[in-house]
Amino acid sequence: MVADGSADAIQLVGVIGAGQMGNGIAHVAALSGLDVVLTDLRPEALAQALATIGKNLDRQVQKGAVTESDRTAALGRITTASETRALGQCDIVIEAATEREEIKTAILKDLVPHLKPDAIIATNTSSISITRLAAVTDRPHRVIGMHFMNPVPVMKLVEVIRGIATDDATFGAVQALATRMGKTTAVAEDYPAFIVNRVLIPMINEAAYALMEGVGSVSAIDTAMKLGTNQPMGPLELGDFIGLDTCLAIMRVLQDGMGDSKYRPCPLLVKYVEAGWLGRKTKRGFYDYAEAVPRPTR
Ligand SMILES: CC(=O)CC(=O)SCCNC(=O)CCNC(=O)[C@H](O)C(C)(C)COP(=O)(O)OP(=O)(O)OC[C@H]1O[C@@H](n2cnc3c(N)ncnc32)[C@H](O)[C@@H]1OP(=O)(O)O
Ligand SMILES: NC(=O)C1=CN([C@@H]2O[C@H](COP(=O)(O)OP(=O)(O)OC[C@H]3O[C@@H](n4cnc5c(N)ncnc54)[C@H](OP(=O)(O)O)[C@@H]3O)[C@@H](O)[C@H]2O)C=CC1
């Protein structure tokens, strides 16, 4: 029962998509004492996600942030599955698959027949309209944006985005869940890319323009922004970290949704994605990750 909006009302969390965000969400949820069912189409993605979660928990144990017994308990609370029906008993399902609207709508349509009547559907989309995603479900009032930041175990923010039909009980339950997971929430309205990515991704896109136009090299641009504006990563390094496919997808949502040419994706960014140079996850983006120390490519 989740209708009262209390943190304790949610006990079983489903996560769809076992990529970098899905594994981070599963990690933090399990560490908060929640039971987790993590699904992905590919069994190899699930095995890789469990290995990553184990490694990141080890890192937290070494730092003294997590005890060995909490690590073991957290891993024991995560089960994996390839079939959607495994999510049937979840109180909330958090969709964290690839940032493409047709993928997300197909997932949601496949999901709803399996769910309990009052289960919440949250999406970790970085940019896509919550209202539009909710409209393909049987329960737009129970659909909400729950936008975690990468890396999920480290970053403190969750953006919460209501669709036009999202009800107060759903909003309250998700705010409480984020708090239980140790996160601080910021509420954003349902406009393209919400708050964080409305500001951040155009900056990364502009850094790609600066690179394309020869304003600076990869190292110069990242050093300038790191030391000049006190950001932990330069914009090109951060683009590689997020995934250049995801950055481009967000720019396209901004361009389509806002209809303003200031959001045009940088042609160099487009070319990198077309080449399959997606950043860290493919070992090549603005940097080459083949060696232990990433090497700038331009
Ligand atoms: C695209 C979207 O839709 C929205 C987004 O997410 S936008 C992206 C938002 N994220 C950012 O902007 C990240 C910017 N980068 C950073 O904050 C930092 O570079 C970073 C936290 C990623 C790494 O920091 P770092 O100092 O270079 O590395 P490192 O020392 O290894 O890590 C810092 C801490 O995080 C921990 N950590 C890093 N990655 C971790 C992970 N995946 N799991 C668990 N812990 C992790 C480390 O153990 C370390 O912990 P302590 O502070 O307790 O020592
Ligand atoms: N990267 C980031 O910094 C952030 C990303 N996000 C958002 O989180 C979501 C996931 O991003 P991220 O984790 O980076 O992406 P990844 O590419 O790392 O992971 C996406 C995962 O979803 C899987 N997938 C694709 N289609 C389906 C499907 N139909 N059913 C189940 N799983 C599927 C992919 O499998 P396969 O590899 O086989 O395609 C992959 O394992 C996106 O919406 C993104 O915008 C939000 C905050 C930050």
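Just so you know, all these numbers are worked out from the coordinates, no wet-lab data involved. In this text the structure is predicted, and so the values were computed from the model without any measurement. Cβ atoms come from the backbone with ideal geometry, glycine included; neighbour counts cover every protein chain shown.
When the Cα positions of ILE130, THR105, ILE161 are compared along the charge dipole of region 83-207, ILE161 comes out farthest toward the positive end, with charges on each C-beta of Lys, Arg, Asp and Glu. I'd like the orientation of helix 43-62 relative to the chain: the angle between its Cα long axis and the longest Cα principal axis, in ° from 0 to 90, rounded to 10. The answer is roughly 80 degrees.
Per-residue Karplus couplings for region 81-89, computed as 6.51 cos²θ - 1.76 cosθ + 1.60 with θ equal to phi - 60°, are listed in order as 7, 9, 9, 4, 4, 5, 8, x, 9 Hz, Gly and Pro entered as x. Here each label is just a point 7 Å from Cα along the line to Cβ, and for ALA186 and VAL136 those points are 2.8 nm apart.
Placing dummy labels 7 Å off each Cα toward the beta-carbon, the span from GLU213 to LYS109 is 4.3 nm. The slack between ARG298 and LEU75, meaning 0.36 nm per residue of separation minus the straight C-alpha distance, is 76.2 nm. If you wrap the Cα atoms of the chain in a convex hull and average its projected area over all directions, you get 15.1 nm². Here the Kirkwood formula puts the hydrodynamic radius of region 19-124 at 14.4 Å, using every distinct Cα pair.
In percent, rounded to a whole number, the relative contact order of the chain is 15, using alpha-carbon pairs under 8 Å and six or more apart. Mind checking which of ASN197, ALA81, ALA178 is farthest towards the positive end of the chain's charge dipole, using Cβ charges of +1 (Lys, Arg) and -1 (Asp, Glu) about the Cα centre? Farthest towards the positive pole: ASN197.
Computed from the Cβ-Cβ distance with R0 of 41 Å, the FRET efficiency linking THR282 to THR229 stands at 0.90.
How much length is gained if the chain between VAL154 and ASP260 is pulled fully straight, taking 0.36 nm per residue apart and subtracting their Cα-Cα distance, in nm to one decimal?
That works out to 34.8 nm of additional length.
For region 100-122 versus region 32-53, the inter-centroid distance based on Cα atoms is 18 Å. Compared with the dominant principal axis of the Cα atoms in the chain, helix 20-31 is inclined by about 40°. Relative contact order of region 1-125: 31 percent, from C-alpha pairs under 8 Å at least 6 residues apart in sequence. The VAL270 and ASP58 beta-carbon pair, evaluated with R₀ = 35 Å, returns a calculated FRET efficiency of approximately 0.40. Remark on region 156-298: Rg and Dmax equal 17.1, 51 Å (Cα only).
In this structure, VAL199 and GLU68 have a Cβ-Cβ separation that, at R0 = 45 Å, corresponds to a calculated FRET efficiency of about 0.70. A simple spin-label model places the labels of ARG42 and ALA86 1.6 nm from each other, with each point 7 Å out along Cα-to-Cβ.
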